[in-house]
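The values are calculated or read from the model by the stated rules, or taken from the named source; none is laboratory data. Source: prediction; values computed, not measured. Backbone-built Cβ (ideal geometry, glycine too); neighbour counts: all protein chains shown.
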Amino acid sequence: MNQQQQGNIFLFLAFSLAGTSVIAARLVSDRLGSFTITALSLLLGLLILVPLYGARLIPAIRQMKLADWKMVILQAFFGIFLFRALLLGGLNLTSAGEAGLLTGAAPAITALLAWLVLRERLTAGIAAGTTFTVAGIFLIQGVANFGGGLLSASHLAGNLLVLAAAASESTFNMLSRLGNRSGNTDSGLDPVVQTTLVTIAAFVFSVVPAWIERPISSLSSLGLTGWLALAWYGWIVTALAFICWYAGIKRSSAYTAAAFSGMMPLTSMVLSFFLLNEHVGYGQTAGGLAVIIGMWLIGRRPENSVAQTI
């Protein structure tokens, strides 16, 4: 098995596991506050990461520059803290299946931000992928929901929160590109060490908001299913999925990673149907397929796409 094949397997696992985050969060979002879920899942993840990689932290921290700390903080805030807070808030108002599908808008939002803010080249393939993604979002929102008309105001608000979560992830991606363009982020940090540091920073962001939610009484009544969901969110989604992601991206291109990101909304939709018994209408199915096609188009290698600048 060559490096590319290994990378494909790691990326497949990373995004498939990431797709389960919506299901795990849905099982506890009606019992715990968004920040409480975020803080506890990160704490559980650190209980795995720190014992395994703690010995590498001190040497790495001593070598870190100011630019490295900025990127760790930005990744923690936009990529984990804000993303999870918005996603969990949206899950209180929308279905897990739709939330998972709408997270698939992140590649399209990233492409638009790169074009508008960073003035990066917008190819016909990226433009087509973005169009498919936008069309898919409208279908999921109910504009063309063949199963029963427009969404309620609260349901629409939930979907908008999930889209804001996708935009938060895209904002981090844009900032990372901006940092790489300026040449300030060549840190040489071990990827797993960086994952541990980012998780610590995101946990620090979450502690005070979680405490304000007064979670003690809610935690005392949390059943076995809730604790298992939190453990899965922390150990599998936070720790294992990140490790698979870094192992895969070391062996693959960014375009390959973007293409495999379609596994996240697909996994969420399938698991929502089978595990949560959520109804998936024609509009949601068509919209989900459009989002996945859009991600595939955006993730294609430039040499395989139409060499036309929009």
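What to note about this one:
- Selection status of ILE9, in a helix (DSSP H, G or I) and either at pLDDT 85 or above or of a type in the set (Gly, Ala, Ser) (or both): yes
- Among residues that are more than 20 Å from LEU86 (Cα to Cα) and within 18 Å of the chain's Cα centre (by Cα), ILE249 is included.
- Each residue in the stretch 174-222 was checked for being at pLDDT 85 or above, in contact with a Phe, Trp or Tyr (Cβ under 7 Å, 6 or more places away or on another chain) and not β-branched (Val, Ile, Thr), and 6 pass.
- Meets criteria (out of contact with any Pro (no Cβ under 9 Å at 6 or more places or on another chain), modelled with pLDDT of 75 or more, over 17 Å from THR94 (Cβ atoms) and polar (S, T, N, Q)) for THR171: yes
- Spans of helices (runs of 4 or more DSSP H) in the stretch 76-141 with at least 2 residues among the small types (Gly, Ala, Ser) and surrounded by fewer than 20 Cβ atoms within 10 Å (Cβ to Cβ): 124-141
- Residue that is assigned to a helix (DSSP H, G or I) and either of a type outside the set (A, V, I, L, M) or buried (at least 19 other Cβ atoms within 10 Å of the Cβ) (or both), where the choices are SER29, SER21: SER21
- Here is the figure for the stretch 35-63: residues that are in contact with a Ser or Thr (Cβ under 8 Å, 6 or more places away or on another chain), among the hydrophobic types (A, V, I, L, M, F, W, C) and farther than 22 Å from GLU213 by Cα total 3.
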